[in-house]
Amino acid sequence: MTIAITGASGPLGRAATRFALQAVGPRDIVLATRHPESLADLADRGADVRRVDFGDPLTLATAFKGVDRLLLISTDAVGARLEQQRAAVRAAADAGVRHVVYTSVPEPLPGNPARVVADHAGTEQTLRDSGLRWTALRNNLYAHLQVPVVKRAVASGRLVTNSGAGATAYVAREDCAAAAAAVLTGDGHENLAYDVTGPEALSGADLAALAGEIGGRDVELVNIDDDASVIGLRAAGLPEETADLVTSFGAAAREGYLANVSTTVTDLTGRRPMALADVLRTALTS
């Protein structure tokens, strides 16, 4: 069996490769990336490193030749990636790939205000329509993305959020990678969607309390609306599109789309998912 991982030089792709190599040999892995030179260490071990750029359709024609199972890691081109990912699914089907594992988002439904939903829902539908076996890994928000949020909260004594009373089941990227590798190298996951989450769902109030505990000071929770969130994030230096994206995740949490807690990480990997508190403490106190 030959497996392939796209985005293999990125943090999630690198981690998923490391876990996959615990189950298969390097000569059974195809690593697809825009930057083959960054994977020279794995190429030296025998992995087949191929240059693939979803923005260059010509590179997809032979990208997945000889591959049985593919981990399709969603790209970071929010708003532009849907057609690229659809093209990748078509290329996989043309190459004879049997099973595609795709990194998606929780509850990719029309009512979910997260700006990434349309891209993920469209890609999932393309997979369902493709005739391929598929698995959707609906990863919750990465825990490490809260490190700068908590760092600012500790410094200012204020945690500002538009998530209201909503909660988020933050998940460590390493746990997402381990789950992806388990599905990619295992059996019995065809045509299923898994919520990949941390061990608990935390609200803004919980996050403020954590910040206060880690920082050794009182941290006030400040609830704001979406417009104020965009304005504040732009004032902090974020580009407009990024400010809109971050705000949309806060709205998704507020409306309950990120609160589901699953046992997927443990079920797939046998390991307990890392808690947000542990991710924060490691990053902020080490």
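The values are calculated or read from the model by the stated rules, or taken from the named source; none is laboratory data. Just so it is clear, the model here is predicted, and its values are computed rather than measured. Cβ sites come from the backbone with ideal geometry, for glycine too, and all protein chains shown count toward neighbours.
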Over the range 216-254, the set of residues more than 17 Å from residue 170 (Cβ to Cβ) and among the charged types (D, E, K, R) is 217, 218, 220, 225, 226, 227, 234, 240, 241, 244
Within the range 226-241, residues being on the phi > 0 side of the Ramachandran plot and touching a residue at least 60 places away in the same chain (Cβ under 8 Å) number 0
Boolean, residue 195 is surrounded by 14 or more Cβ atoms within 10 Å (Cβ to Cβ), modelled with pLDDT of 95 or more, within 30 Å of residue 132 (Cα to Cα) and in contact with a helix residue (DSSP H, G or I) (Cβ under 9 Å, 6 or more places away or on another chain): yes
I need the full set of residues from the range 106-126 which are touching a Ser or Thr at 6+ places or on another chain (Cβ under 9 Å) and in a helix (DSSP H, G or I), in order please. 117, 119, 120, 121, 123, 124
Test result for residue 138, modelled with pLDDT of 95 or more, closer than 25 Å to residue 20 by Cα, out of contact with any Phe, Trp or Tyr (no Cβ under 8 Å at 6 or more places or on another chain) and not aromatic (Phe, Trp, Tyr): no
Number of the exception - residue 232 against (1) of a type outside the set (A, V, I, L, M); (2) closer than 22 Å to residue 77 by Cα; (3) part of a helix (DSSP H, G or I): (2)
Residue 212 is checked against (1) part of a loop (DSSP other than H, G, I, E, B); (2) touching an Asp or Glu at 6+ places or on another chain (Cβ under 8 Å) and fails just one. What number does that condition carry? (1)
Positions within the range 127-148 being of a type outside the set (Lys, Arg), over 29 Å from residue 284 (Cα atoms) and assigned to a helix (DSSP H, G or I), in sequence order: 127, 129, 130
Picking from 236, 283, which residue would you name as being modelled with pLDDT under 95, of a type outside the set (Asp, Glu) and surrounded by 15 or more Cβ atoms within 10 Å (Cβ to Cβ)? 283
Quick one: in the range 131-153, which of the residues that are crowded, with 21+ Cβ neighbours inside 10 Å and of a type in the set (Val, Ile, Thr) is nearest to residue 192 (Cα to Cα)? 135
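For (1) more than 23 Å from residue 269 (Cβ to Cβ); (2) free of Cβ contacts under 8 Å to residues at least 60 places away in the same chain; (3) not hydrophobic (A, V, I, L, M, F, W, C), each residue gets a yes or a no:
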residue	(1), (2), (3)
10	no, no, yes
19	no, no, no
36	yes, yes, yes
39	yes, yes, no
46	yes, yes, yes
53	yes, yes, yes
71	no, no, no
90	yes, yes, yes
Could you tell me whether any residue of the range 202-225 is in contact (Cβ under 8 Å) with a residue 60 or more places away in the chain, out of contact with any strand residue (DSSP E or B) (no Cβ under 9 Å at 6 or more places or on another chain) and polar (S, T, N, Q)? no
